[in-house]
Structure formats: C-alpha cells, structure tokens
Amino acid sequence: MTAPQVLSPNPAPPPSLGAGLREGLRVGLAVGVGQTLGATLVAFLALGRLWGQSNLQKSLLPSGLVAWTLLASALGGLILGGLILGGLLGERAARRPSLVLLGLGLSYGAVAALGTTFILVQLSVVFLGLLFAALLLALGRRAPRLTAALAAAPIAALLIPRPIPIAPLIADAPASPAPNVLWVVLDTVRADHTGPGGYGRATTPRLSALAAEGVTFERAYSTASWTLPAHASMFTGRSPTRHGCHDQTLRLGEALPTVAERLSEAGYMTALLSSNPWVSADTGLGRGFGHILDAWRWPLSASFLPVSALLRPWRGEDKGAHLIAPAARRWLDQRPEDRPFFLVVNLMEAHDPYHELATEHLWRFTDNSDAVRSSREYSREVKAPGVLPSPSPEQGRDLVDLYDAGIFADDATLGALLDELAARGLLESTLVIVTADHGESLGDAGRWGHHLTPDEEVLRVPLVMRLPSALPAGARVDAPVSLVDLTPTVLDLLPEGLIAPMDGLDGRSVLPLLASGAPWPVFAEVLPPDATHARGRLTLMGYDPDTFRWQVVIHDGDRLTRGPNGDVLERVGAPDEAQRLDEAARAAQLGALLDAQATQAAAPTGPAAPLDPATRARLRALGYTD
C-alpha cells in the first residue's frame with residue numbers, strides 16, 4: 001500500500017508592497033494631523049497669550065502658522081510614513097501599524113535634534129503628535145467618520161479667515177488732515193553699511209532710493225548699545241537714565257507716556273510688528289499699540305514641526321521678516337479709512353545669528369559654503385560663558401558677508417512695505433522714518449557684537465525721513481542727532497494741537513536743523529549688564545562689572561567718552577578749525593555736559609518684565625540671557 005503523499009504547506013506569500021504603502025499612508029496622515037493638533041496645543045501652552053489679547057497675532061495664524069503647519073505635517077507624515085516606512089515594512093506595516101508609528105516617532109525625534117531654535121518645543125510636538133495619532137488610529141477603526149470629523153474640525157476652525165479685531169477707539173478721527181507714520185527700525189544695522197552711509201556694497205537699494213526723496217541725517221546716534229533702552233528712548237523721547245528702562249530693570253514703567261499712547265488718544269490706529277522679543281508688551285514697549293505682532297515667535301522652523309528642519313536648506317530660516325509685510329497688509333485692509341495710522345516695524349535679519357536668513361538672501365554677498373558654519377561657530381561663542389568671540393580673519397569675512405545679507409533682507413522688507421503704501425495711494429501722505437536701534441562691531445578694534453561697548457560703529461545709526469509735504473527731497477544734515485529726537489520730530493510734523501503735550505523730553509525736533517539751526521549735544525550711555533554671562537565677559541575684557549559704565553556726549557565735531565579708564569576726546573566730525581578750542585578746554589566743556597546729564601532723575605520702572613518661556617528661549621538664542 002502506497003503511503004499517502006504528504007502535502008507541504010503553501011509558501012507564505014511575499015510581503016505586499018501595496019498593503020504596506022496603504023497602511024503607511026494611513027499612519028503617516030494620522031501623525032501629520034496629530035502634529036498639527038499638537039502644534040496648536042503647544043502654541044497655547046508654551047507660547048501663550050495668542051488668544052488672550054485682542055491683537056493681530058491671532059488673525060495672522062490662519063494664513064500663516066496653521067496653514068504651513070498643516071501642509072508640512074501632512075506631507076512629512078505621508079512621505080516618511082507611507083513611502084518609506086510603509087514600503088520597507090510591506091505586509092508587516094498592514095498587520096502592525098504600530099511599527100510605522102514607532103519609526104515615525106524615532107525619525108521625527110532625530111530630525112528635531114537638528115533644530116537651532118525651539119528644540120524642546122519641537123520634541124513636545126513629536127510626543128503630542130504621536131499620542132494624538134495613536135488615538136486617531138485606535139478610534140478610526142471603530143468610528144472612521146467620527147474620527148475624521150474630530151481631526152478636521154479644529155484645523156478647519158483655525159483656517160477659517162477671521163477679521164482682525166479692531167481695538168476700541170479712544171478718540172474721534174482728527175478734525176484736520178494728519179499724516180500717517182511708518183516707523184521702521186533696522187535692528188543692529190550700523191550706518192556705514194548702508195547706501196546713505198556711503199557703503200560700497202548695494203545692501204540697501206530701497207533705503208537709498210528713499211533717501212533721494214527725503215532727508216538723510218549723516219550723524220545719527222543711538223542712546224544705548226542695545227535694543228531695549230534704545231527703543232524706550234525712541235518711544236518716550238528720553239535718555240536711558242531718564243526713562244529707566246535698561247539692563248537693571250528690563251521694563252519701561254507706566255509713569256512716562258509713549259508716542260504711541262499720545263497718537264492713539266488723538267485718534268490714530270496703532271500697530272507694532274516686532275521681530276525682536278525685547279520690543280513687546282512684556283517689556284512695556286507695547287503700550288499705546290492697538291495691535292501687536294511678535295513676529296519673532298514664528299520663524300520658519302517655529303512652525304513647531306521637526307520635519308521643517310529638513311526644509312531649511314531649501315527655504316532657509318529667517319527671524320520673522322517673512323511675516324511682516326503680509327501682516328501689515330492685512331492690518332491696513334481693515335483699518336478705518338478715516339483714521340491715520342501709526343505703524344512701527346522692527347526688523348532684525350541683520351542680528352546675530354547672521355546665518356538665520358531666508359535662502360533667497362543668504363548667499364547675496366558670498367558663495368563660500370563655509371560661511372554658515374563660521375556663523376554657527378561664532379553664535380556658539382557669543383552664548384558661551386567665559387568666552388570672548390574671536391573669529392579668524394577668514395571667519396570674520398564670512399560674518400561680514402552674512403551680516404550685509406541680513407541688511408539686504410531688511411531692505412527688501414522695507415521695500416515691500418513702501419510698495420504696499422504706494423499701491424494704496426498712501427505713501428505721499430505718510431511720514432516714513434527709517435533708522436536703527438544700534439549698530440554692530442565687526443572686528444573694529446578687535447571687538448565683535450554690541451551691548452557692552454560705546455564704539456562709534458555701535459552707536460552711529462542710519463536715519464532717513466520722508467514726507468513730501470514737509471521735508472525737502474535729497475537733503476543731507478551733518479549735525480549730530482539722537483534717537484530721542486524722533487518723538488519730538490513726529491509731534492512737530494503733526495497739526496498743531498492734535499497731540500497732548502509730552503513735557504520734559506530730552507530730545508528736540510530736528511526740523512530746525514534743515515534751516516541751518518545750531519546743533520545741540522547728543523548723549524549715549526552703556527550700563528552694566530545684569531546677565532551672568534555678560535558680566536563674565538566684562539571681566540575677560542578687564543572691567544569690573546560692578547563699577548562698569550560708559551557715558552558719551554557728541555557735540556558739533558567732537559566726542560567725549562567717559563568710561564572705566566577715564567575721559568577720551570575724539571574728533572568725529574569736521575568743525576571749523578578757527579572756532580575749535582584746545583583739547584583740554586574742549587574736554588572740560590564736554591565733561592561738564594556729561595556731569596549735568598548724570599544728575600537727571602530716573603523714572604519709576606515698575607516690576608521686572610514677566611518673560612514667558614518662549615521669550616526667554618529666543619533671548620537665550622540671541623545671546624542676551626543665561
């Protein structure tokens with residue numbers, strides 16, 4: 001009898017690539033949607049106050065952050081989850097989607113480590129995105145339609161366009177025509193690297209064109225060597241000693257009125273679009289502005305998605321400039337036409353880290369592929385405790401090239417703002433002011449950066465004003481002027497009686513200088529920093545952090561600097577030699593001006609600024625805090 005034939009079991013079918021791709025796409029889409037939801041939640045928890053204030057930030061999100069978040073999430077999840085992991089795992093992806101979920105989590109976690117800012121925030125989004133994705137996948141098998149609705153509803157709600165909430169009006173529209181005001185601050189831009197300052201590179205073609213139609217002040221000076229006290233001086237018309245907003249306080253007190261408050265009371269619509277965390281409501285500089293946009297909160301990498309790190313080589317990573325012109329456009333769209341506006345913009349593409357620029361601008365003045373690496377190394381030195389940045393000559397050239405590219409990026413945004421006003425027929429009736437809060441040392445006298453020294457290249461800033469009905473085209477003023485002079489000048493150009501007086505200003509209107517009026521002394525000061533790493537850097541520079549202080553006065557063509565090593569008199573202009581005093585007499589004369597300035601009483605400042613975690617993180621990335 002023949003033994004029965006034993007049939008071998010059928011061989012297992014090969015893994016199905018199609019099934020793996022389908023499951024990978026399903027899991028990838030769930031992760032993408034989960035990260036969108038996670039990013040939205042992080043925006044509430046970590047960045048705060050987006051929906052707590054009646055300001056422009058919540059109106060910007062639907063067209064900016066959320067749309068980009070949704071697109072990048074979905075594409076990143078689909079590509080990584082579907083095409084890569086699903087295809088590699090094949091049938092196993094269909095049987096065990098948790099493998100795809102785990103692989104996506106590890107991939108996104110690794111990519112998040114490549115981030116230069118908000119790394120912890122991105123890792124938080126990875127965790128939340130995976131958690132939401134797991135819940136969506138588990139629920140989706142039982143109630144797919146309900147799952148789709150739950151996933152889509154919050155995202156759709158965020159994407160629905162909403163009108164910008166107009167702040168309550170304090171006063172009626174001005175009875176007589178009043179000019180609009182566009183006030184642009186090119187953060188960290190030194191005067192001699194701009195076209196109006198005579199720079200050889202074409203860093204500021206739009207500012208140069210504006211200067212040809214307005215007035216250029218060739219020797220404009222900041223009141224301080226860094227952002228916070230300089231902006232406080234611009235907005236109050238007072239010196240740092242008088243307004244009391246500096247290294248030791250970090251906040252502008254409520255006692256002093258700001259130009260934005262006065263203009264708002266007179267019926268102006270007011271907005272502040274800021275790329276710098278120091279220029280915000282947290283530090284008191286937002287008082288008087290009906291709308292505030294913290295553009296620095298939303299750099300391209302801060303869509304809070306790790307996948308965006310992979311796109312940086314293509315898109316680059318700016319410091320918020322890409323949001324400014326669209327935000328201004330949306331605000332102008334809904335501004336009541338019978339109201340003049342006061343729009344202040346801070347642009348900081350020229351600030352360190354110099355390499356954080358949109359790719360279209362990054363390589364404007366260099367083709368050296370090592371330039372970004374040089375900038376990254378320099379930024380690490382700036383933030384490192386107990387280190388004085390000391391780039392090599394080759395690295396220094398890279399830094400200057402990228403710094404100039406940042407200025408060009410700022411100038412491009414300035415051009416977009418001017419074009420927007422021109423297209424609306426508003427440019428001719430708008431007072432345009434373009435200046436900087438301070439400059440930057442770029443190896444001058446062996447020093448880099450700003451904040452701790454009163455060097456000429458740190459304190460001297462560009463200043464151009466244009467108002468065809470009141471200011472002559474192409475005029476140049478050689479007399480020294482200060483940032484404290486800007487508020488009185490704005491008030492001087494408005495109809496008489498429109499603005500309530502701002503008494504006790506240190507600044508003066510610059511309009512008399514256009515008629516060859518006599519110049520006046522301008523002042524600046526650098527106070528000891530409060531941050532530990534900055535105090536340590538002062539020690540490395542040979543200064544005592546507890547007694548460190550610089551005072552500067554510029555009058556006519558002379559400058560007296562009083563610092564830890566005594567008084568130093570310098571020639572910074574070209575006064576009439578026949579009227580020039582001998583150096584000892586001139587030093588005594590300028591020293592007496594400094595003595596009088598030092599006796600000015602400081603204004604009450606109030607409590608220290610309550611900085612939220614995102615603000616502290618960004619300031620730390622810029623090298624300001626420990």
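Answer yes if at least one residue in segment 80-93 is touching a helix residue (DSSP H, G or I) at 6+ places or on another chain (Cβ under 9 Å), modelled with pLDDT of 70 or more, under 30 Å from ARG380 (Cα atoms) and open to solvent by 50 Å² or more (accessible area, probe 1.4 Å), and no otherwise.
no
Here are LEU101, LEU37: which of them is in a helix (DSSP H, G or I) and at pLDDT 75 or above?
LEU101
Taking segment 174-206, which residues are among the hydroxyl-bearing types (Ser, Thr, Tyr) and open to solvent by less than 10 Å² (accessible area, probe 1.4 Å)?
THR188, THR194, THR203, THR204
Taking only segment 257-270 into account, find how many residues are in a loop (DSSP other than H, G, I, E, B) and either touching a Phe, Trp or Tyr at 6+ places or on another chain (Cβ under 6 Å) or surrounded by 24 or more Cβ atoms within 10 Å (Cβ to Cβ) (or both).
Number satisfying all stated conditions: 2.
Among the residues of segment 331-344, are any open to solvent by less than 30 Å² (accessible area, probe 1.4 Å) and over 30 Å from SER233 (Cα atoms)?
No, that holds for no residue.
Within segment 224-258, how many residues turn out to be among the charged types (D, E, K, R), farther than 16 Å from PRO454 by Cα and modelled with pLDDT under 90?
Summing the residues that are among the charged types (D, E, K, R), farther than 16 Å from PRO454 by Cα and modelled with pLDDT under 90 in segment 224-258 gives 3.
Are any residues in segment 259-275 β-branched (Val, Ile, Thr) and modelled with pLDDT of 95 or more, and if so, which ones?
Correct list: VAL259 only.
For segment 450-468, what are the residues that are touching a strand residue (DSSP E or B) at 6+ places or on another chain (Cβ under 7 Å), in a loop (DSSP other than H, G, I, E, B) and farther than 12 Å from TRP550 by Cβ?
Result: HIS450, PRO462, LEU467.
Return the residue satisfying two criteria in turn: it lies in segment 448-497 and is among the basic types (Lys, Arg) and buried (at least 19 other Cβ atoms within 10 Å of the Cβ), and of such residues it is nearest to the chain's Cα centre (by Cα).
Within segment 448-497, the match that is nearest to the chain's Cα centre (by Cα) is ARG460.
Give the residues of segment 237-246 that are under 22 Å from the mean Cα position of the chain (by Cα) and open to solvent by 10 Å² or more (accessible area, probe 1.4 Å), sorted by residue number.
HIS246
Can you tell me how many residues within segment 534-558 are at pLDDT 80 or above and open to solvent by 10 Å² or more (accessible area, probe 1.4 Å)?
Summing the residues that are at pLDDT 80 or above and open to solvent by 10 Å² or more (accessible area, probe 1.4 Å) in segment 534-558 gives 5.
Scan segment 195-228 residue by residue and report those that are of a type in the set (Val, Ile, Thr) and touching a helix residue (DSSP H, G or I) at 6+ places or on another chain (Cβ under 6 Å).
Of everything in segment 195-228, those that are of a type in the set (Val, Ile, Thr) and touching a helix residue (DSSP H, G or I) at 6+ places or on another chain (Cβ under 6 Å) turn out to be THR203, THR204, THR223.
Do we find that GLY316 is buried (at least 23 other Cβ atoms within 10 Å of the Cβ) and either at pLDDT below 80 or farther than 17 Å from ASP419 by Cβ (or both) in this structure?
It is false that GLY316 is buried (at least 23 other Cβ atoms within 10 Å of the Cβ) and either at pLDDT below 80 or farther than 17 Å from ASP419 by Cβ (or both).
Looking at ALA584, ALA578, ALA601 in this structure, which one is of a type in the set (A, V, I, L, M), modelled with pLDDT under 70 and more than 27 Å from THR283 (Cβ to Cβ)?
The match here is ALA578.
The values are calculated or read from the model by the stated rules, or taken from the named source; none is laboratory data. Here the structure is a predicted model, which means the values were calculated and not measured. No Cβ is skipped: glycine too gets one built from the backbone with ideal geometry, and neighbour counts run over all protein chains shown. These area figures cover heavy atoms from the full protein model, side chains too; ligands, DNA and RNA do not enter into them. Shrake-Rupley method; radii C 1.70, N 1.55, O 1.52, S 1.80 Å.
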